[in-house]
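In what follows, a single structure is set out as structure tokens and then discussed.
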Amino acid sequence: MNTIRIGTRSSQLALWQANTVAKQLEHFGCTTEIIEIDSIGDIVLDKPLYELGITGVFTKNLDVALLNHKIDIAVHSFKDVPTKLPEGIVQAAILKRGDFNDILVLKKDEHFFANDNPTIATGSLRRRAQWLHRYPHHTVVGLRGNVNTRLKKLEDNEWGGAIFAAAGLKRLDLLPEPEGYLKLDWMVPAPAQGAVMVAALASNPELLEFCSQINHSDTATCVEIERKFLQVLEGGCTAPIGALALIIKEEIKFKGVLFSPDGKNKIEFAKSVEVGNSDTLAEYAANFILERGGKKLMQEIILFEKEISIYSTKNLAVDQTNLLAENIGASMSDFITIRSNRLKPVVIKKPIEHVVFTSQNAVEAIVDNFSAVELDFKNIYCVGRRTKRLIEKKIGKVTQVENSAAQLANYLVANLKKNEITFFCGNKRRDELVTILAKNNMIVNEIECYQTSLTPRKLEDRFKGILFFSPSGIESFLEMNTPANQVAFCIGETTAFEAKKHFKNVEVAELSTVESVIKSVNDYFKK
């Protein structure tokens, strides 16, 4: 065998991996040469990179060098390799796996856990999500760079600790003394974590045959399951997906997990099968997770990594999130929950001349209690065009619609000859309409037909915009968050009126629809 040119990045860990491959190949009688590649320079290929399937941040330069015959093999940390290899490149060998665990390197000692709000650092979305799932009151900060750089940043900052791959620290002889770190055996590692992969051209069968001598079959079997699981979930290397397959006494024990980026949601799968019956294990596990909420979580992960992040205080439908510009990602949850009250028939047993609705929730509550034929409303007034459409679909014709409660109140004062209305509302109704009508000596018969409960959650600072669909949503947001420089995108003037009390920058949708709110987001971030 001629000298094998081994391509690698120039980091200390990458060079350790390349030299380990070199030693193992030389054991079988060849000579090797280490070639450090950190830039593709002026290399030209016949096709664009994306057409060849070259997309990985950490693997791109080595892939190009392989295809351009500048090197014979490329050595990778397998967890950083995309699940689909570029056209013409194949997996030639996988070394015996090292320690697959994550560890927490401590700044001082583990007493930081006793703090009210301790801080740990990691650049991995998977580690971040799992840590927050276990310790939701902790703060997690970003940490980038190679192993040495990250250790130096831990030394220079007042964090309690930082999370590392055990294998990387061990290979560089940087693992602290036992009292200086904690083994995170509860954290599910990244697919293929701790494994080193050798890639080569499919067109060189002699080299592939030679490299197969250093392949560790058990490791190859396990990481193939883990990476197939990742591929079926359609998760990139940075997604909060963990997977671990181990061969123990002729059985493959597999565990796969998917988290939401904030760590609040987790879907897990675990199963043991005989070694010979593992062909469909990864696909079955991934589909199990996808069918139990995983599809929604994966959508959230994709949006999480966009250039601009916004947060919706109500869950959006998939077709609504698809309206967002490509560079905008949205996380979401319902900041309020609605429950209709049970109303007695006496509420509507006689005709009502003037009826007011200021929300769709009130309309839904009335039709939950009564059929349209039971309702004898002479004149119906409402706020918002979507509320109007809902009323006319389920109850009857609307006499007048306005954009805000205040505008509707002023209309009623100016146009009603009879100074009495019936107002179907919730337990958290706004004061504007009732206050204006009371000042003008109008009688307001309030019927509380639904209950609004606040379901707040603490948001991260990274969100540049918050979407609000009711004043109650703002109230819920404020229970656990303090407005900073975020833009408040509001569905209508009533919601905007409340938002302006707390946010410096408030944008109001042209129409009172979710789609119009999303349009205002797209328009704002075009500026």
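Laboratory data are not the source of any read-out in this text; all were calculated from the coordinates shown. Because the structure is a prediction, the values reported are computed rather than measured. Methodologically, a virtual Cβ is constructed for each residue, glycine included, from the backbone with ideal geometry; neighbour enumeration extends over all protein chains shown.
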Across all Cα atoms of region 128-230, Rg and the largest Cα-Cα distance (Dmax), in Å, are 17.8, 55
Over all directions, region 338-454 yields a Cα convex hull whose mean projected area in nm² is 6.6 nm²
Membrane-span-like helices (DSSP H runs, Cα span along own axis at least 20 Å, mean Kyte-Doolittle at least 0.0) in the chain -> 217-233
Checked region 70-118 against the a/c 1.5 cut and the a/b vs b/c comparison, axes a ≥ b ≥ c from its Cα gyration tensor; verdict prolate
Neighbours of V257 by Cβ distance under 10 Å: Lys/Arg at +1, Asp/Glu at -1, summed charge +2
Given pairs K60/K107; K107/K504; K388/K458; K388/K439; K152/K264 and cut-off 32 Å on Cα-Cα distance, the over-length ones are K60/K107; K107/K504; K388/K458
Here the relative contact order (percent) of region 338-454, from C-alpha pairs under 8 Å and at least 6 apart, is 31 percent
Along the dipole axis of region 485-527 (charges at Cβ: +1 for Lys and Arg, -1 for Asp and Glu; origin at the Cα centre), the most positive-end residue among V506, T494, V517 is V506
From DSSP H assignment alone, runs of 4+ in the chain each adding -39500 (n - 2.57), the sum over residues rounded to the nearest 500 puts [θ] at 222 nm at -9000 deg cm²/dmol
Scalar couplings 3J(HN,Hα) for region 445-460 by Karplus 6.51 cos²θ - 1.76 cosθ + 1.60 (θ = phi - 60°), nearest whole Hz, x for Gly and Pro, are 8, 8, 10, 7, 9, 8, 10, 10, 10, 7, 10, x, 8, 6, 9, 7
Counting only residues 5 or more apart in sequence or on a different chain, those whose built amide H sits under 5 Å from that of A93 are V198
For the chain the mean separation of alpha carbon contacts under 8 Å (6+ apart) over residue count, i.e. relative contact order in percent, is 10 percent
Its Cα gyration tensor gives region 457-527 an equivalent ellipsoid whose semi-axes in whole Å, largest first, are 18, 14, 10
With R₀ set to 51 angstrom, the calculated FRET efficiency between the beta-carbons of S10 and N441, to the nearest 0.05, is 0.05
For 93-99, 353-359, 141-147, ranked highest to lowest by mean beta-carbon neighbours within 10 Å, the order is 353-359, 93-99, 141-147
Computed about the Cα centre, the charge dipole of the chain from +1 Lys/Arg and -1 Asp/Glu charges at the Cβ has a magnitude in debye, to the nearest 20, of 1940 debye
Taking every other residue with Cβ under 13 Å from the Cβ of D109 and scoring Lys and Arg +1, Asp and Glu -1, one gets -1
Computed over the chain, the convex hull of the Cα set has an average projected area, in nm², of 31.4 nm²
